[in-house]
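K.L.:
Structure incoming, see below.
Every number here is computed from the coordinates shown, using simple stated rules; none is lab data. Source: prediction; values computed, not measured. Positions of Cβ are generated from backbone atoms using ideal geometry, with glycine treated the same way; all protein chains shown enter the neighbour counts.
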Amino acid sequence: MPVLVMKFGGTSVATLDRIRRAAKRVGVEVAKGYDVIVIVSAMSGETNKLVGFVEETSPLFDAREYDAVVSSGENVTAGLMALTLQEMDVPARSWQGWQVPVRTSDAHASARIEEIPPENITAKFAEGMKVAVVAGFQGISPEGRITTLGRGGSDTTAVAFAAAFGAERCDIYTDVDGVYTTDPRICEKARKLDRIAFEEMLELASLGAKVLQTRSVELAMRYKVRLRVLSSFEEQSDEAGTLVCDEEDIMESNVVAGVAHSRDEAKMTLVSVADRPGIAAAIFSPLAEAGVNVDMIVQNISEDGRTDMTFSCPTNQVARAEKALAAARDEGVINFAEVLADTGVCKISVVGIGMRSHAGVAAKMFKVLADEGINIQVITTSEIKISVLVERKYMELAVQALHDAFELDKAG
Ligand code: ADP
Ligand code: ASP
Ligand code: MG
């Protein structure tokens, strides 16, 4: 039998009624003759609640216990989805990550899937089971501890299963009907794309468009998984949603494909560090060891052999960064006057493979922001994206102004 992977995100399983709706969609595919692997997220809000419990109990928590707690939301929905399918006379059972097993690295809270042996589930399909409901977001480390794949990780579970089982398609059911030119929640002119190239989706995801987890797009690109994003709230045709595909399979596109934003960014500045060879290594090695995800970095001009070093990281890693930097100073590895943390910034990015061959996108982006009176604090660029750090109060305005200026409401 051909295999189909269907993933339902948090809002799509938020109530028993929604689980029933999702199960009906699954039933439609089973009736077409597919063996279906359903990946479920926790009910919406559930993972945030569990993360809150952990942070309140232990601010610099042991990530193994964090995983033990936050993985549990998916166990509930997996069991409920299997029960709902059974009530509809569809032969189904649930699987937690460790039962499959979904083998991952031991990088707790952001583990990578290393292997999914298909034998256990395939054997059940051979016995007549029609649907394997798998708890997304979780796996098991080489040591035998429960791991999680980072926020939004159920998308990655879904794509990894599609690759491991050679699925015909991986359908990601969510609360929007596809991938848009920008987050439709903050820009009403956002336009749904019928297709988007893997590389653009990868950049948009990594720059904050949380509709797909970055790692899921990487895996889909590497293993050539047919990846589709669509709504769980609407009746669906085979053409619905957005297909994430190769660049060659897209006929027309704009120079800029989309605008992404990332709300929870912090800007940290080490004031007055020695400007000498090795200073960057001395600062960023302890941060890396402490698990701080440093993104943008700027070293300012030097006066009298001293300079300021600025970097950005997620707001919830500021305490970890401050602790690591203070420890490095106490050990004499670095010397600085003070650390300034600004947790009121956000990152705005424009993305498009057309930028490879079109000059002037950066200049236009900076002019649009200047015209709105928005000050740019840090800039980074790559071949197909430009990102800026700006004050968070300008986030919506910046996204909307850029969406207008690059005319993303019109098809290319
Ligand atoms: P799920 O719970 O189904 O995994 P998520 O909340 O993780 O859903 O992702 C869907 C959300 O992603 C949408 O509600 C939307 O607000 C947001 N989003 C951000 N950028 C985009 C974009 N470019 N296209 C579509 N949705 C986007
Ligand atoms: N429930 C997890 C989260 O909220 C995983 C997911 O939904 O993809 O991050
Ligand atoms: Mg998600």
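K.L.:
Report D for segment 1-156 in µm² per second (integer): Stokes-Einstein, Kirkwood Rh on Cα pairs, 20 °C, 1.002 mPa s.
P.N.:
Numbers: Rh = 15.7 Å.
Rounded to a whole number, D works out at 137 µm²/s.
K.L.:
Once Lys and Arg get +1 and Asp and Glu get -1 on their Cβ, which of A111, L243, G373 lies farthest toward the positive end of the dipole of the chain?
P.N.:
L243
K.L.:
Do the alpha carbons of any pairs in K7/K393; K210/K347; K7/K224 sit beyond 25 Å of each other, and which pairs?
P.N.:
Distance filter (> 25 Å) returns K7/K393.
K.L.:
If you count, for each residue, the other Cβ atoms within 10 Å and average over each peptide, how do 376-384, 9-17 line up from highest to lowest?
P.N.:
Most protected by this proxy first, the peptides run 9-17, 376-384.
K.L.:
Further, regarding this structure: Which number comes out as Rg/Rh for segment 191-314 once both Rg and the Kirkwood Rh are worked out on C-alpha atoms?
P.N.:
On the Cα set of segment 191-314, Rg over Rh gives 1.15.
K.L.:
Using the per-residue mean of other Cβ atoms lying within 10 Å as a proxy for protection, in what order, highest first, do the peptides 274-286, 25-37 fall?
P.N.:
Result, highest mean first: 25-37, 274-286.
K.L.:
Peptides 185-196, 214-225: what's the order by average Cβ count within 10 Å, highest mean first?
P.N.:
214-225, 185-196
K.L.:
Strictly greater than 37 Å: what percent of every Cα pair in the chain meets that?
P.N.:
28
K.L.:
Continuing with this model, one more query. Could I have the simple spin-label model distance between E188 and R356, label points 7 Å from Cα toward Cβ, reported in nm to one decimal?
P.N.:
3.7
K.L.:
To check you understand DSSP bridge types, tell me what percent of the beta bridges within segment 111-248 (both residues inside) are antiparallel, rounded to 5.
P.N.:
Once the DSSP bridges in segment 111-248 are tallied, antiparallel ones form about 45 percent.
K.L.:
Starting from the Cα-Cα distance between A31 and E391, subtract it from 0.36 nm times their residue separation and give me the gain in nm to one decimal.
P.N.:
On the way: separation 360, 0.36 × 360 = 129.60 nm, distance 5.16 nm.
Net length gain for the segment: 124.4 nm.
K.L.:
Computed FRET efficiency, Cβ-Cβ of D106 and R226, R0 25 Å: what is it to the nearest 0.05?
P.N.:
Efficiency, rounded to the nearest 0.05: 0.20.
K.L.:
Still on this model: Set the Förster distance to 45 Å, then compute FRET efficiency between E127 and N293 from the Cβ-Cβ distance, nearest 0.05.
P.N.:
Result of the calculation: an efficiency of 0.55.
K.L.:
OK, next. Counting alpha carbon pairs within less than 8 Å and at least 6 residues apart, what relative contact order, in whole percent, applies to the chain?
P.N.:
14
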